[in-house]
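The values are calculated or read from the model by the stated rules, or taken from the named source; none is laboratory data. All figures in this text were calculated on a predicted structure; none of them were measured in a lab. Note that we place each Cβ from the backbone using ideal geometry, even for glycine, and neighbour counts take in every protein chain shown.
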Amino acid sequence: MLEIRGLTKYYRHVPVVDNVTFAVRPGEVTGYLGPNGSGKSTTVKIITALIEPSRGKVFLDGQDIRTDLIAFKRRLGYVPEEAILYSYLTGLEYLQLIGRLRGMPLPTVDRRANDLLELFSLHPHRHSPISNYSKGMKQRVLISAALLHDPDVLILDEPLSGIDVSSAQLFKHLLAELARQGKIILYISHVLEVVERVCARVVIIYRGRIMADDSVEHLRQLTNVPSLEEIFAQLVEQRDLESVARDIVCTIRR
């Protein structure tokens, strides 16, 4: 189990993440939601050990990840929000590089890299430089790189960004299968319809604090609304958005 306990992060004495606590259990997909600026990205950077918290800790199977970061990162697969890749490499070369950096046996790297490229419909482009790839193709390379070493923990930050409908459908089935295999999966997204479909639980953060941590079904019962989108609006958005939309139109037409 991945446990986030009392995470707090200050920037210029202002808490952007404020005493955040939740758990991600094996065998289920946990959604992590919040509007822009709510503290999601900062939380993810702390969980993936890219930055240190001001207070609080992250535990994997009861052990503080910072006691052995190398061991933790061996078990971690991470798809970042932005597809930053070595564009001069081909798709196959990039996966081979990632496998070697992770110390995987070369025959295993080559076999898995080719298999993943085939399954993600990238094999015909495996020898083309990534600079020629579309955004969706780059995203599929990132997902392949995150899965290459068969990690126990997956942190997926907007993984469907730029991906076409067919690939998105494949990814939803993939998430379900990974959960059945007992993986620990934290899924960060703004696309609430997808989150509602693939996540067993959701954690909602607003202005650095946790507003909800529950199953979607139980949240529906508590708020008496039918969709995650409406639950989200009740918890984090107090303005009348229809009125705001009308005001925007009136402003640009003056």
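Quick notes
- Identity of the residue in region 159-189, among the aliphatic types (A, V, I, L, M) and within 22 Å of Glu3 (Cβ to Cβ), that ends up surrounded by the fewest Cβ atoms within 10 Å (Cβ to Cβ): Leu178
- Those helices (runs of 4 or more DSSP H) lying entirely in region 127-227 with at least 2 residues at pLDDT 85 or above: 135-147, 165-180
- Of all residues making up region 111-126, the number that are in a helix (DSSP H, G or I), surrounded by 16 or more Cβ atoms within 10 Å (Cβ to Cβ) and under 23 Å from the mean Cα position of the chain (by Cα): 4
- In this structure, Gly37 qualifies as small (Gly, Ala, Ser) and in contact with a strand residue (DSSP E or B) (Cβ under 9 Å, 6 or more places away or on another chain).
- Of all the criteria given as (1) out of contact with any Gly (no Cβ under 8 Å at 6 or more places or on another chain); (2) under 23 Å from Leu76 (Cβ atoms), the one not satisfied by Glu118 is (2).
- Residues considered: Ser166, Ser161, Ser144. Of these, the only one that is in the same structural domain as Leu33 (by TED's automatic domain parsing), out of contact with any Asp or Glu (no Cβ under 6 Å at 6 or more places or on another chain) and closer than 28 Å to Ile47 by Cβ is Ser161.
- The selection criterion, being under 18 Å from Arg201 (Cα atoms) and modelled with pLDDT under 90, does not hold for Leu2.
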